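What follows is a short report on a single structure.
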Amino acid sequence: MSTQGWAGVVLAGGKSSRMGRDKALVESDGRTLLANAVGLLRPHVEELLIIGDPTMHQGTGPLVLADDTPGLGPLGGILTALRYAWNDRLIVLACDMPNVNSALFERLKSLYDEGHDAVVPQCDGRLEPLAAIYHRHCRGAFAAAIAEGELKMSMAVERVNARYVQVCPGEEGWPADLFRNINAPSDL
């Protein structure tokens, strides 16, 4: 599937209180979580951005941008990416989801159409908005959510014309740990 017209965005987050350090720089299987996410997205996009701390994450290859407004969580990071990406369509991946695979991005890209502002995996109504596609059209709705103090991604996604794709880990050939999230050393 073509990479033309697609940007990849890795949300590098920052220091995690439960992890005790920057999750993006934690190693899993010999690579940092950040390097893993960059490597996963690279074949699917023509442009790659990291939203994180430029002093901590520089040198990984892609352009590293700090959040326009720190402290707004993933929604703030996605809004920053929507502002600076050259391409209108963004594949977003949180770096702390090391088991997301290329098949997921191929499926989401194949289901993207101009009639939707986002393509978001969900399993029986539970969204996975940090391994999803967002169009630049989401910018206004996401900015409005932030202005109203709503920082939950699931609530922000409800403000846009999203296409929800049933992807349940452990079913239909998807790995059981597809959306496993690394939040503490015990998760490694």
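Every listed requirement among (1) touching a Phe, Trp or Tyr at 6+ places or on another chain (Cβ under 8 Å); (2) assigned to a helix (DSSP H, G or I); (3) surrounded by fewer than 16 Cβ atoms within 10 Å (Cβ to Cβ) is met by Ser154 save one, (1). Listed by first and then second residue, the pairs with beta-carbon distance under 8 Å, at least 6 apart or on different chains, first residue in region 36-51 and of a type in the set (Lys, Arg), second surrounded by fewer than 23 Cβ atoms within 10 Å (Cβ to Cβ), are Arg42/Leu48. Of all residues in region 157-170, those being touching a residue at least 24 places away in the same chain (Cβ under 8 Å) and either loosely packed, with under 15 Cβ neighbours inside 10 Å or touching a helix residue (DSSP H, G or I) at 6+ places or on another chain (Cβ under 8 Å) (or both) number 6. Tyr134 is checked against (1) without any contact (Cβ under 8 Å) to a residue 60 or more places away in the chain; (2) crowded, with 19+ Cβ neighbours inside 10 Å; (3) farther than 20 Å from Gln4 by Cβ and fails just one. What number does that condition carry? So Tyr134 meets the others, but not (3).
Going through region 95-126 one residue at a time, which ones are of a type in the set (Gly, Ala, Ser) and within 24 Å of Leu33 (Cα to Cα)?
Initial filter on region 95-126 (of a type in the set (Gly, Ala, Ser)): 102-103, 110, 115, 118, 125.
Across region 95-126, the qualifying residues are Ser102, Ala103.
Of the numbered criteria (1) surrounded by fewer than 20 Cβ atoms within 10 Å (Cβ to Cβ); (2) out of contact with any helix residue (DSSP H, G or I) (no Cβ under 7 Å at 6 or more places or on another chain); (3) not β-branched (Val, Ile, Thr), the one Ala37 fails is (1).
Quick one: would you say His116 is out of contact with any Gly (no Cβ under 6 Å at 6 or more places or on another chain), part of a helix (DSSP H, G or I) and at negative phi? Full working, then the answer.
Values: out of contact with any Gly (no Cβ under 6 Å at 6 or more places or on another chain): yes; part of a helix (DSSP H, G or I): no; at negative phi: yes.
So His116 does not fit the description; no.
Values quoted throughout were computed directly from the atomic coordinates according to the rules given, and no laboratory measurement underlies them. For clarity, every value in this text was computed on a predicted model and none was experimentally measured. Because the Cβ atoms are built from the backbone with ideal geometry, glycine has one as well, and the counts that use them run over all protein chains shown.
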